[in-house]
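Below is one structure, written out as structure tokens, with a few remarks after it.
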Amino acid sequence: MRLFEHYANLRPRYHEAYARDRLRASNLVAARLEMVYTHRFEGYLDLAFERDGSWLIVPLVRIDGGCLMVQEASPLIWPAEYAYASDAVDEIEELVIPWLRSVVIARLVNDEFIRVFRDEPTCADVFRRARRSALLGSAPYADVFRTLGAAVYGARFARERNVVLRGSDAANGAAMLSSFARRIAWTCEDDDVARTWFSGLSTTSIEGDGYDLYVGPRDGAIDAHTCVFDDAAREGERRVVQPEPMPADVLVSFDPEDGLVMREFAVTESAVPLRGSRLFEPSRAGASAGRIAIVVRDDAERAPDADSDAAHELARSLQAEGFDARVDIASHIDAASVDVIHVFDLRHGVSVIELARDAEAAGTPIVVTSYADDRAGEVGRGISGALAIPRMALDRLVFDETMHAFEARRISNLDNDPWYGASADLLMQRAAAVVVASNAEALFLQERFGYRGVTVPVAATVPLTRPTDRIGSLVGNEEFVLIHAPLEPRANQLAATVAAERRGIRLVLVGPVADVEYQRYVNQAAGRYTIQLRDSDLTPEELAGLYARARVVADVGWSSRGLHRLARGAAHGAAVVASVTGYAHDLWAELAFLVDPANVGAIGEALHRAWEAQPQLANAIAARTAERCDPFAGLVAVVSAYGQASVPNPT
């Protein structure tokens, strides 16, 4: 029996005894097949079982299309919560797979097909009415998931809470939230067929108060801590949009860049407790002068990361001291019109090579903040594996076995292109001074590039935006692990998501989508414990609030662009989980939890240990961060690097 853990947040959850009694081939009423366009030729199957008038709905059984064509393994991959039912599943597959093969091989379908296995009038009527109401497990996914947006968003407020739903979408919402809530009450149109279709779910009638979450129309609302209304936002509420579903890449999303927006919701706002920061805005003298060009990646605006955070914060601090400082990309800089060029990161396109040559001709010194952390020479291979493994591992067993081989460095057919190219080599040749995170980075620059010039240690540059506590509509009232980085294989969010879901640790992923294919795999793995947010949806104050609320900050990527974002959370006392490839140990030593980015189990263990240890470590972490990341000391160090870089080289 093949199993997978994808879309765990979108499936109804039944008691095991109830499911065992109904998950049998003899109880199968209908199967609904929906193949989808992907590079893997896959699809999904919904199964409806009935016994003695009560139903069991098993949606989103994954189909491995390749195994329908070549019978190497079962083509059906079952939700992991049914692992106990292997014998029953074998009988069901014997009934269903011949039909799947006949349909798929004969027609190579990319459409919906339905097979009715029991045609009793009562069952047929329930199935027909369920389809008419677009109930989960009976109708096309695009129709079903159009109805689920408000409930899916509400799930972040529903874990172990009392939930009430009303309106035309309430039945699907109640089914989906059954895996989150302590108690669910709901009412909807065509209520009788919906309650029959979802008869195995534990729900109650709407009565009294004491509800934590309400989902539904504004005119039917009850008093609840949080409300998700299915209409436009009013003053003091958060507007949330839902794009058109695109099965199976995007089932439910709240990112307008994922498709045509077809619905919007309003979420009531609430305040959450925040931790104070040990970093403070320093007093400014404002008497300095000089023209500083701060150069960031060409894609920094589209995919902001820790390096662009630090670049903009540095520019703000320099301006406050009287410098003429601006942040831009290399192609927009006139080397002859500035006094110092400060390049962030070693990985740039050809434009930075041209800028370096222009700077040499103009006699303008270059200072580099290097972010050089590929000490083991594994970044290229790690990124390749982070994308290749979910491409080929459709079920949990293959994923785990492949990840174990990846951890042991036994996968040989991965790309291993050099992480540092021509731009890095030229920048290190032309650099008059380099800002490093630690002495260990300075040593690596000497070993890798032969650099023996001026190095100035600045552990991290942290934005000092004042946080708002009005972020309850984003993340609810529970604590969480925060990962803030572009969504891409380099940042390794898939491994972190799988690790957190398996450990039952709440995870908030913040960042733009830098790799659409990788986004699909993260979406699939993001289950009951994961929330995804985009930088573009947040104000600077809300983003600062997330850092002030996080219990743990993590960066388990193959390569990072500095310690800035980890330090931002650590300044509030958040525990730190970081990849062993970087320099977190040099800043926090024994206070940080370090992991191999290839080891999902180790990531999960580190997240768990950091979560448990945070209350005891908070003061020490915040104090260490304040000591090593003092904003004024960091600025003085950078300005000293500018001064040393501007001294003519006697040779």
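Laboratory data are not the source of any read-out in this text; all were calculated from the coordinates shown. Here the structure is a predicted model, which is why all the values come from computation and not from measurement. When we count neighbours, we look across all protein chains shown, and the Cβ atoms used for this are built from the backbone with ideal geometry, even at glycine.
Using only the alpha-carbon atoms, how far is helix 631-646 inclined from the longest principal axis of the chain? Give it as 0 to 90 degrees, nearest 10. Taking the Cα atoms of the chain, the angle to 631-646 is about 50 degrees. Each Cα pair under 8 Å and six or more residues apart adds its separation to the average, and for region 2-135 the resulting relative contact order is 29 percent. The angle between the Cα long axis of helix 379-392 and the main principal axis of the chain comes to about 10°, on a 0 to 90 degree scale. Candidates L464, P304, A618 compared by Cα position along the dipole of the chain: farthest toward the positive end lies A618, with charges placed on Cβ.
Remark on the chain: ratio of C-alpha radius of gyration to 2.2 N^0.38 Å is 1.05.
Can you tell me the 0 to 90 degree angle between the C-alpha axis of helix 306-320 and the longest principal axis of the chain, rounded to 10? Relative to the chain, helix 306-320 is tipped by roughly 50 degrees. Shape analysis of region 144-268 places it in the oblate category; the axes a ≥ b ≥ c from the Cα gyration tensor give an a/c of at least 1.5, with a/b not above b/c.
Hand me the GluC sites (Glu not before Pro) from region 348-400 located in a DSSP loop with no more than 15 other Cβ atoms within 10 Å, in residue order please.
none
The charge dipole of the chain, taken about its Cα centre with unit charges on the Cβ atoms of Lys, Arg (+1), Asp and Glu (-1) only, comes to about 720 debye. Region 337-379 to region 413-467: how many Å between their Cα centroids? A separation of 10 Å, based on Cα centres.
Of the trypsin sites (Lys or Arg not before Pro) found in region 424-527, the ones in coil according to DSSP and having at most 10 other Cβ atoms within 10 Å of their Cβ are R452. Taking the centroid of alpha carbons for each part, region 42-59 and region 276-329 are 57 Å apart.
When you filter the GluC sites (Glu not before Pro) in region 603-651 for DSSP loop state and at most 15 other Cβ atoms inside 10 Å of their Cβ, nothing is left. Rounded to the nearest 5, what is the percent of antiparallel bridges among the DSSP beta bridges in region 144-268? Bridges in region 144-268 that DSSP calls antiparallel: roughly 40 percent. With θ taken as phi - 60° and the Karplus curve 6.51 cos²θ - 1.76 cosθ + 1.60 applied, the whole-hertz 3J(HN,Hα) list for region 474-487 is 8, 10, x, 9, 8, 6, 7, 8, 10, 10, 10, 6, x, 7 Hz, x standing for glycine and proline.
So if we plug the beta-carbon distance of M262 and V398 into 1/(1 + (r/R0)^6) with R0 = 51 Å, what FRET efficiency do we get, rounded to 0.05?
Details: r = 36 Å, r/R0 = 0.70.
Efficiency, from the Cβ-Cβ distance: 0.90.
State, as an integer percentage, the relative contact order of the chain based on alpha-carbon contacts under 8 Å between residues 6 or more apart.
Relative contact order for the chain comes out at 12 percent.
Hey, with R₀ at 51 Å, roughly what FRET efficiency would S54 and R302 work out to, going by the Cβ-Cβ distance, to 0.05? The value I calculate is 0.50.
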